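Asks: First the structure, then my questions, so here it is.
Just so it is clear, none of the values below were taken in a lab; they were calculated from the coordinates. On a predicted model such as this, the values are computed, not experimentally measured, just so you know. Positions of Cβ are generated from backbone atoms using ideal geometry, with glycine treated the same way; all protein chains shown enter the neighbour counts.
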Amino acid sequence: MAFLRRLGGRGRERPSSGAYLIVGLGNPERRYAANRHNIGFQCVDVLAERHDIAVTRKRFNALLGEGRIGGERVALLKPQTFMNDSGRAVAPARRWYKASPERILVIYDDLDLPLGKLRIRQGGSSGGHHGINSIIESLGSADFVRLRVGIGRPPRGRGDPVDYVLNDFGPDQVPVIEETRERVAEAVGVILAQGVTQAMNDYNGL
């Protein structure tokens with residue numbers, strides 16, 4: 001890749017500083033692929049397709065792809081550690097790419113947002129999301145950028161939230177979430193080009 005440089009004598013390539021690390025959270029294994037909890041993986045897949053980035057290399061306990069989005073150098077990451085241990089993939093990737101927290105974007109599901117709604121912010125608590133907890137603990141920082149994607153909640157008294165997130169989107173939900181995944185990809189482009197504040201103004205609540 002254009003943004004890699006070779007370390008003398010070792011045959012290893014290391015990125016120059018400045019790459020964005022874009023992380024989608026989810027669970028590995030094909031049976032989880034279409035789950036609500038895997039919306040982060042699904043959004044990374046949309047980004048990869050849009051920008052012709054193959055997320056196929058196995059590194060950092062993750063699937064990895066490198067490329068550019070809007071002229072910015074990026075690494076797309078899908079941790080293969082299972083959701084609750086996502087930090088085990090993000091921390092070594094962060095060290096390798098020398099990404100400061102504000103250049104780390106994490107995309108994940110949110111039960112407390114209505115289906116299809118997007119909420120962007122930098123820093124803050126985990127909101128009880130175990131994958132985010134793991135990343136905060138592993139990085140020693142909460143200052144990374146979060147893109148929370150609303151998956152809604154099961155009707156009151158009609159389902160366990162754990163079962164809900166580990167099931168696929170319903171047929172009536174699929175068109176909404178397909179449009180949302182595209183909107184997330186657009187929001188990532190705005191963050192990279194114009195910053196988090198502009199993306200928040202443009203996309204929060206949509």
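Asks: Helix-derived [θ] at 222 nm for the chain: sum -39500 (n - 2.57) over DSSP H runs of at least 4, divide by residue count, nearest 500?
Replies: Calculated at 222 nm, the ellipticity per residue is -10000 deg cm²/dmol.
Asks: Which helices, taking whole DSSP H runs in the chain, have alpha carbons extending 18 angstrom or more along the helix axis plus mean Kyte-Doolittle at least -1.0?
Replies: 174-194
Asks: Just want to confirm a number: the relative contact order over the chain, from Cα pairs under 8 angstrom separated by 6+ residues, in percent.
Replies: The value is 23 percent.
Asks: Could you sort the peptides 180-189, 166-175, 116-125 by per-residue average Cβ neighbour count (10 Å cutoff), highest mean leading?
Replies: Put in order of decreasing packing, that is 180-189, 116-125, 166-175.
Asks: Starting from the Cα gyration tensor of the range 20-203, take the square roots of the eigenvalues, sort them a ≥ b ≥ c, and report rounded, prolate or oblate (rounded when a/c is under 1.5, otherwise prolate if a/b is larger than b/c, else oblate).
Replies: rounded
Asks: Here's something else I'd like to know. Antiparallel versus total DSSP beta bridges in the chain: what percent is that, nearest 5?
Replies: Counting DSSP beta bridges with both partners in the chain, the antiparallel share is about 60 percent.
Asks: Now for a separate question. At most 12 other Cβ atoms within 10 Å and a DSSP loop assignment: could you name the GluC sites (Glu not before Pro) in the range 28-133 that fit?
Replies: For GluC sites (Glu not before Pro) across the range 28-133 that sit outside H, G, I, E and B with at most 12 neighbouring Cβ atoms in 10 Å, the list reads Glu29.
Asks: Would you mind classifying the range 41-93 by shape? Square roots of the alpha carbon gyration tensor eigenvalues, ordered a ≥ b ≥ c; an a/c under 1.5 is rounded, otherwise it is prolate if a/b is larger than b/c and oblate if not.
Replies: Here the range 41-93 falls in the prolate category.
Asks: Suppose every Lys and Arg Cβ carries +1 and every Asp and Glu Cβ carries -1, with no other charges. What dipole size does the range 60-206 come out with about its Cα centre, to the nearest 20 debye?
Replies: It comes to approximately 420 debye.
Asks: Decide, for the range 15-106, between rounded, prolate and oblate: order the square roots of the alpha carbon gyration tensor eigenvalues as a ≥ b ≥ c, take rounded if a/c falls under 1.5, and otherwise choose prolate if a/b is larger than b/c, else oblate.
Replies: In terms of gyration-tensor shape, oblate.
Asks: What FRET efficiency comes out for the pair Trp96/Arg31, r = Cβ-Cβ distance, R0 = 30 Å, nearest 0.05?
Replies: Calculated transfer efficiency: 0.50.
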